[in-house]
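Beneath this line is the structure, given in structure tokens, with notes to follow.
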Amino acid sequence: MAMKRICFDYQAGYPADQRIVEVMLPYFTEFFGNPSSIHFLGEAPRKALENARMKVAELVNANKKEEIIFNSGATEGNNLALLGVAYRNKDRGRHIITTKIEHISIRNLCKHLEKQGFMITYLPVDKCGVVDPEVLKKEITDETILVSMNYANGEIGTIEPIREMGELTRRKNIYLHVDAVAAAGKIPIDVQKDNVDLVTISSNDMYGPKGVGALYVKEGTKLSPQVIGGGQERGLRSGTEDIPGIVGLGKAAELAKVEMVEEGSKMTALRDRLMNGLLGIPDTYLNGHPTQRLPSNANLRFSYVEGESLLLSLDMEGIAVSSGSACTSKTLEPSPVLLAIGLKHEEAHGSLSFTMSKYNAREDVDYAIEVLPKIVTKLRAISPLTPR
Ligand code: PMP
């Protein structure tokens, strides 16, 4: 019998929805033109580009489609947001506030800016991973130009109180950037109600192709471009647009807007089944917020075992999970997100992140619930950490 292959590590990469792949295909061949061309070949790609812009704008309820800037993905979006605001607004101040649970792309951008004389404040989170707006309020100074935080954390699933943050930053005339990679397409985002100025979105996390994304830039936001060239994307991101990719992102946004709520409730039910099933293993705990969390995420801590050993044993059973963010899996350091919620090093090391997609079935969950307790028992039997 063929071995089961089950993915609970979708955060590292999603398969594209077949409906999305299909709408992309003609833009590789038939409609190959450059959207900047004035002749007839530019027309179809130009229309497709603007249609995709509209769909992404609708997903986040942007006021105008021109507020959407296409790019090569979330890392680039985060670069334009942080470097763009920092460089353009440094005469107003050099203070930026972020949190201790950001993706490595934000963490490394902050380190880079620190070296250039910017002051970065890293906000703490509570044991569920929530940032307190009161704490943000206390850290804002006359020098603060930007607050950057994740909408929801991809690793532990916690959803942040962005609307409360937005009320604060808007009142103080400070830009608010949110990395919404893990949240977009999973929970509704409304940039107008949330009072956010910049939002990073990635196509792949919405079942679109990899290597394409968008940054929402509220009209009037002062940004310095980070990719200089032919002036595409309102001069904020030069370079010939990846039309098939952007068409894919547009379709992903369109589908997400329509299907997100129903998909979310199905996924929540499956996720809860997985979570509750695994929490039945003795000395097993949930990381992140019990309710204010993404429908797709369950992050669990198994005492006395190493996450890496669990991951490898599960891999042999055909189950893919993660012991941290895929982008940081090359290091043996414990996840900074798990340390920020107050876990000890060994507790962080004993944690696994399960990220689900609409392609997971109940049988996947039941298989994990069947296999994991046996692995945990086996590993605990040989672990020096197990109390005897
Ligand atoms: N932000 C978050 C929250 C992410 O999870 C990721 C990775 N998927 C990124 C930014 C960077 O995305 P990419 O590697 O596609 O540029």
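The values are calculated or read from the model by the stated rules, or taken from the named source; none is laboratory data. Note that this is a predicted model, so its numbers are computed, not measured. Cβ sites come from the backbone with ideal geometry, for glycine too, and all protein chains shown count toward neighbours. Ligands, DNA and RNA are stripped out before the accessible areas are found, and what is left, the full protein with its side chains, is counted by its heavy atoms. Shrake-Rupley method; radii C 1.70, N 1.55, O 1.52, S 1.80 Å.
All but one of (1) open to solvent by 10 Å² or more (accessible area, probe 1.4 Å); (2) within 16 Å of the ligand (Cβ to nearest atom); (3) over 30 Å from residue 305 (Cβ atoms) hold for residue 205, so report the exception by its number.
Failed condition: (3).
Looking at 349, 289 in this structure, which one is modelled with pLDDT of 95 or more and surrounded by 19 or more Cβ atoms within 10 Å (Cβ to Cβ)?
289
Test residue 212 against the criterion of being modelled with pLDDT of 95 or more, surrounded by fewer than 23 Cβ atoms within 10 Å (Cβ to Cβ) and of a type in the set (A, V, I, L, M, F, W, C), and give yes or no.
Here the answer is no, as residue 212 does not meet what is asked.
Could you please find all residues in the stretch 169-178 being open to solvent by 10 Å² or more (accessible area, probe 1.4 Å) and in contact with a helix residue (DSSP H, G or I) (Cβ under 6 Å, 6 or more places away or on another chain)?
Within the stretch 169-178, just 175 meets the criteria.
Pick from the stretch 371-388 the residues that are charged (D, E, K, R) and modelled with pLDDT of 95 or more: which of them is surrounded by the most Cβ atoms within 10 Å (Cβ to Cβ)?
So the residue we want is 380.
What are the residue pairs meeting all of these: first residue in the stretch 361-377, first residue under 12 Å from residue 310 (Cβ atoms), second residue crowded, with 17+ Cβ neighbours inside 10 Å and of a type in the set (Ser, Thr, Tyr), Cβ atoms under 6 Å, and 6 or more apart or on different chains?
That search, which allows pairs on different chains as well, returns 375/313.
Can you confirm whether residue 56 is touching a strand residue (DSSP E or B) at 6+ places or on another chain (Cβ under 7 Å), of a type in the set (A, V, I, L, M, F, W, C) and over 16 Å from residue 234 (Cα atoms)?
Answer is yes for this residue.
Name every residue in the stretch 63-91 that is among the polar types (S, T, N, Q) and either open to solvent by 20 Å² or more (accessible area, probe 1.4 Å) or away from the ligand (no atom under 16 Å from the Cβ) (or both), in order of residue number.
Result: 63, 72, 75, 79, 89.
State which residue is surrounded by the most Cβ atoms within 10 Å (Cβ to Cβ) when the search covers only the stretch 244-273 and only residues that are of a type in the set (Gly, Ala, Ser) and free of Cβ contacts under 8 Å to residues at least 40 places away in the same chain.
269
Which count do you get for residues in the stretch 45-62 that are loosely packed, with under 14 Cβ neighbours inside 10 Å and either touching a residue at least 40 places away in the same chain (Cβ under 8 Å) or not in a helix (DSSP H, G or I) (or both)?
Qualifying residue count for the region: 0.
Restricting the search to the stretch 361-370, which residues are of a type outside the set (Phe, Trp, Tyr), surrounded by fewer than 18 Cβ atoms within 10 Å (Cβ to Cβ) and assigned to a helix (DSSP H, G or I)?
Listed by number, the residues that qualify are 362, 363, 366, 369, 370.
Table: residues versus (1) touching a strand residue (DSSP E or B) at 6+ places or on another chain (Cβ under 8 Å); (2) away from the ligand (no atom under 16 Å from the Cβ).
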residue	(1), (2)
169	yes, yes
180	yes, no
192	no, yes
199	yes, no
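Results for (1) surrounded by 21 or more Cβ atoms within 10 Å (Cβ to Cβ); (2) within 19 Å of the chain's Cα centre (by Cα); (3) without any contact (Cβ under 8 Å) to a residue 40 or more places away in the chain, shown as yes or no for each residue.
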{"position": "30", "(1), (2), (3)": "no, no, yes"}
{"position": "36", "(1), (2), (3)": "no, no, no"}
{"position": "43", "(1), (2), (3)": "no, no, yes"}
{"position": "93", "(1), (2), (3)": "no, no, no"}
{"position": "106", "(1), (2), (3)": "yes, yes, no"}
